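J.: For reference, the structure I am asking about is given below.
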Amino acid sequence: MSYSVLLLGATGSIGSQIALKLAKYKDQLKRVAFLTPSADAGADKEAKYKTVPIPRIVGSYEDPATYNGFDIVISAVGDDLCEAQIKYIDAAFEGGVKHFYPSEFGADLTRPQQSEERYFVNKLKVRKHLEEKVSKDATKGYTYILVGIFSDILLAYNMLGLSDDKKSASFLGQPDEPITTTNSDDVASITVLSLLPSHLKSLTERRQVSLAGSTLPTAEIFGVVSRVLGHDIKIQYLSKESSYTYEAEQKALVYLAKAGYRIWRITPGTC
């Protein structure tokens, strides 16, 4: 027994890593491929597609015929296409796919605090839709990959809220709150290993695969970054409510700067 696997979002940050692992384990799979919606997506995109080490097929993400012949779909689409996965799930199942990996690759969405965050709204919509579809069809299954934050993009995307000089930070959370991080290469590995027949015994399984590279208190993560940078970091921990005010202030500063206004930062007690 072996499965045929179709990857969506093969040139993204995690999708490109998953494509590499699919190529590595292709001998244990019946077929692997990645999907693009157009045969000619322009020079820049076509150059990226050529770097993907697995075969390419062209078709609409929303056309059931696109998915004919595939057992498993791994969706690694970006946040901008997150809600659109609802249509992809419907098309994939109608086209014969039996098992779907939605683009989660992050936090445990069953935790109450996640449901209150705007960022997770569409992910929760997709999860609800997928579970409802599968509950009505005993031949279908899904896998959620839960890994926390990608450790290699934690600094690359400045998810710690560091200032330009990296000597201060504004961070949503508290010093003792644990943060789970996992390297994207490990995330890709566990994703592909989890779909090999030795791990996925049946396409009808409904499961959650969790992996943690490390789980540390927020203050300890800042301590590690501080030691790497070679200087102290002054950290402002924001509550959820105060973060909205901070966001508005930062947007206002960006707007004023673009408008040509000079901005002075006055420290209390200095004038």
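J.: How far, in nm, would the chain grow between THR204 and ASP164 when pulled straight, counting 0.36 nm per residue and subtracting the alpha carbon separation? Can you show the working numbers first?
T.: Details: separation 40, 0.36 × 40 = 14.40 nm, distance 4.87 nm.
Net length gain for the segment: 9.5 nm.
J.: On a full-extension model of 0.36 nm per residue, what is the gain between LYS125 and ASP90, subtracting their alpha-carbon distance, rounded to one decimal in nm?
T.: Gain in length upon complete extension: 11.2 nm.
J.: Let me know the shape class of the range 1-114, please: from the alpha-carbon gyration tensor, a ≥ b ≥ c as square roots of the eigenvalues, rounded when a/c is under 1.5, otherwise prolate if a/b is greater than b/c, or oblate.
T.: It comes out rounded by the Cα gyration axes.
J.: Right, here's the next one. Using the heavy atoms of the protein chains and a 1.4 angstrom probe, tell me the accessible area per residue for the range 104-237 in square angstrom.
T.: 53
J.: With the cut-off at 31 Å, tell me which of the pairs LYS48/LYS201; LYS125/LYS234; LYS21/LYS133; LYS50/LYS98; LYS24/LYS123; LYS50/LYS136 have Cα atoms farther apart than that.
T.: Over 31 Å Cα-Cα: LYS48/LYS201; LYS125/LYS234; LYS50/LYS136.
J.: Could you sort 7-19, 41-53 so that the peptide with the highest average Cβ count within 10 Å comes first and the rest follow in order?
T.: 7-19, 41-53
J.: Quick one: which residues, 5+ away or cross-chain, put their amide H under 5 Å from the amide H of LEU172? H built at 1.01 Å from N.
T.: Here LEU238 satisfy the definition.
J.: Continuing with the same structure: Which value in Å does the Kirkwood hydrodynamic radius of the range 133-192 take, with 1/r averaged over all unlike C-alpha pairs and then inverted?
T.: Details: mean 1/r = 0.0691 Å⁻¹.
Final number for the Kirkwood radius of the range 133-192 is 14.5 Å.
J.: Related question: Label LEU154 and ALA219 with points 7 Å out from Cα along Cα→Cβ: what is the distance between them in nm?
T.: 1.7
J.: About the Cα centre, and with charges only on the beta carbon of Lys, Arg (+1) and Asp, Glu (-1), how big is the dipole of the range 16-65? Nearest 20 debye, please. The partial results should precede the final answer.
T.: On the way: 9 positive and 6 negative charges, 76 e Å.
Around 360 debye, computed over the range 16-65.
J.: Once you put a point 7 Å from the Cα of GLN236 and another 7 Å from the Cα of LYS50, both along the Cβ direction, what distance in nm separates them?
T.: 4.7
J.: Once the dipole of the range 86-241 is set up with Lys and Arg at +1 and Asp and Glu at -1 on Cβ about the Cα centre, which of LEU211, GLY223, GLY96 lies farthest towards its positive end?
T.: Working it through, the farthest residue towards the positive pole turns out to be GLY96.
J.: Semi-axes of the equivalent ellipsoid for the range 1-63, please: Cα gyration tensor eigenvalues, times 5, square-rooted, ordered largest first, whole Å.
T.: The three semi-axes for the range 1-63 are 20, 14, 9 Å.
J.: For ASP80 and SER60, compute 0.36 nm times the residue count separating them, minus their Cα-Cα distance, and round to one decimal in nm.
T.: 5.5 nm
J.: Taking all protein chains in place and a 1.4 Å probe, what share, in percent, of the accessible surface of the range 69-201 do carbon and sulfur account for?
T.: Working: 3060 of 6040 Å².
C and S atoms contribute 51 percent here.
J.: Could you do me a favour and compute the accessible area per residue for the range 18-97, 1.4 Å probe, result in Å²?
T.: Here the per-residue accessible area is 50 Å².
The values are calculated or read from the model by the stated rules, or taken from the named source; none is laboratory data. For clarity, every value in this text was computed on a predicted model and none was experimentally measured. Glycine also receives a Cβ, built like all others from the backbone with ideal geometry; neighbour counts cover every protein chain displayed. With ligands, DNA and RNA removed, areas are computed over all heavy atoms of the protein, side chains included. Shrake-Rupley method; radii C 1.70, N 1.55, O 1.52, S 1.80 Å.
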